[in-house]
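The values are calculated or read from the model by the stated rules, or taken from the named source; none is laboratory data. Here the structure is a predicted model, which means the values were calculated and not measured. Virtual Cβ from ideal backbone geometry, glycine too; neighbours counted across all protein chains shown.
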Amino acid sequence: MKFKWPFRGWSWRKILVRLVLVDSLFSLASYAFYRYATEPEESGYITAPVREGRLEQAVIASGVLQGSRQLDVGAQVSGQVKQVLVAPNDQVRQGQLLAEIDPLPARNALRQAQVQVQLLGAQADAARFKLERAEQAQRRYQRLIQHGAVSAQEAEQARAAYAQAKGDYASQMEQSRKARVQRDTAQVNLDYTRILAPADGTVLAIVTQPGQTVIAEQAPPVLLKMADLSRMTIKAQVAEADVLRIHPGLPVYFTLMGDPDTRYEATLREIEPAPQYLTGQGSNAGSGKEAVFYTAVFDVPNPQGRLRVSMSADVRIVLGVAENALSIPLAALGAKDAQGRFEVRVLEEGDKVRTTQVETGLRNQSQVQVRSGLKAGERVVLAERDKGTL
């Protein structure tokens with residue numbers, strides 16, 4: 001099934017611009033909070049406190065919900081749709097009759113095939129009787145020629161008649177076999193006029209209405225769409241820069257656009273090997289001009305039916321969580337040394353600044369975990385305050 005991008009109708013440049021703007025606004029909000037809500041008024045520096053709490057590092061992605069088993073139910077024979085027996089949202093069971101194509105042409109074809117089977121069967125019986133008579137005659141002539149009662153020519157004619165009867169019987173049997181195959185095919189085509197549910201599920205949409213004619217010779221026409229909505233599958237688009245950091249088995253959670261306060265948790269099931277290109281043009285794939293995304297797949301139960309097909313999901317693939325961790329804004333990090341530690345400036349009493357090296361851990365879009373080098377409550381320098389604002 002083809003993947004449906006959650007922002008249909010948007011250009012990819014527009015999507016990227018929106019993502020950059022959202023990230024910038026988030027950073028500006030964090031900056032404003034640390035500057036105006038946490039900064040001592042008399043300080044000559046913009047600082048932020050070393051905080052203690054929960055820190056989560058995750059890959060952010062956008063996803064789309066679909067049924068765990070989404071099916072297009074089609075027709076395998078051509079004809080006019082006589083009736084559709086279900087409606088959207090109907091719950092159906094495997095084998096249930098969903099629709100019917102006019103069976104009259106298929107029923108007539110079956111009757112013709114049955115008549116042909118009977119006719120060729122009778123011809124095969126006659127050919128078998130003729131073969132038995134020819135075989136008896138050949139044996140009699142073989143006995144007679146040993147006693148000189150018949151000529152060699154008469155014996156040869158009996159042998160030739162037997163060979164001819166044997167060939168005729170084989171031909172009739174082959175024609176009879178083909179007729180039975182055609183009869184069985186006609187029976188299958190008649191059965192195909194009854195469209196049955198291939199699995200348990202929910203009817204999503206009726207594509208073909210009663211009275212419409214479907215042609216099945218080239219591609220099977222779709223009559224309706226159905227899915228198993230008791231369990232939903234989410235396909236999330238992960239940027240090429242992040243895909244190497246994730247793997248099946250990682251915890252995942254997502255929220256919905258219409259319900260951002262409810263979190264649905266799951267486990268990453270797989271990462272599809274084929275990438276998605278933002279241009280959407282397969283012929284341009286790999287030209288170096290497209291942003292590349294990979295599809296991460298996971299499932300979540302849907303017992304109450306709140307989750308619906310094609311809903312957009314704000315996905316977080318969790319890389320790590322640190323409880324009671326010390327953290328500082330990313331903006332506080334300075335140069336990195338050979339041991340992987342970062343330089344951080346700490347504001348002390350008297351508006352003095354001390355430089356220290358810190359060991360970092362997890363990080364998200366705004367904060368980074370401090371494993372060593374700082375204490376909770378200390379203030380780290382983000383920037384020097386403009387003298388005009390003092």
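Observations
- Filter result (among the acidic types (Asp, Glu) and out of contact with any Pro (no Cβ under 9 Å at 6 or more places or on another chain)) within segment 233-274: Asp242, Asp259, Asp261, Glu272
- Hits in segment 357-390 (condition: assigned to a strand (DSSP E or B) and in contact with a Pro (Cβ under 8 Å, 6 or more places away or on another chain)): Gln367, Val368, Arg379, Val380, Leu382
- Near pairs, Cβ below 9 angstrom, 6+ apart or cross-chain, from segment 138-152 (over 21 Å from Ala165 (Cα atoms)) to any residue that is part of a loop (DSSP other than H, G, I, E, B) and modelled with pLDDT of 80 or more: Ile145/Ser151
- Verdict on Arg354 being part of a strand (DSSP E or B), of a type outside the set (Val, Ile, Thr) and under 44 Å from the mean Cα position of the chain (by Cα): no
- Put simply, of Pro220, Pro248 the only residue that is under 25 Å from Ser68 (Cβ atoms), at pLDDT below 95 and not in a strand (DSSP E or B) is Pro220.
- Among the residues of segment 364-381, those that are of a type in the set (D, E, K, R) and surrounded by fewer than 18 Cβ atoms within 10 Å (Cβ to Cβ) comprise Arg371, Lys375.
- Of all residues in segment 204-237 being among the hydroxyl-bearing types (Ser, Thr, Tyr) and closer than 20 Å to Lys82 by Cβ, the one that is nearest to the chain's Cα centre (by Cα): Thr208
- Given (1) farther than 30 Å from Asp314 by Cβ; (2) modelled with pLDDT under 95, number of the condition Arg194 does not satisfy: (2)
- Taking the listed residues Val86, Val81, Val77, the one that is assigned to a loop (DSSP other than H, G, I, E, B), at pLDDT 95 or above and farther than 30 Å from Glu240 by Cβ is Val86, with no other qualifying.
- Meets criteria (in a helix (DSSP H, G or I), over 26 Å from Gln187 (Cβ atoms) and hydrophobic (A, V, I, L, M, F, W, C)) for Ala149: no
- Meets criteria (touching a Lys or Arg at 6+ places or on another chain (Cβ under 9 Å), of a type in the set (Gly, Ala, Ser) and either exposed (fewer than 13 other Cβ atoms within 10 Å of the Cβ) or touching a residue at least 60 places away in the same chain (Cβ under 8 Å) (or both)) for Gly167: no
- Cβ-Cβ contacts under 6 Å between residues 6 or more apart (or on different chains), taken from a first residue in segment 67-90 that is closer than 28 Å to Gln187 by Cα to a second residue that is part of a strand (DSSP E or B) and among the basic types (Lys, Arg), are listed as Asp72/Lys225.
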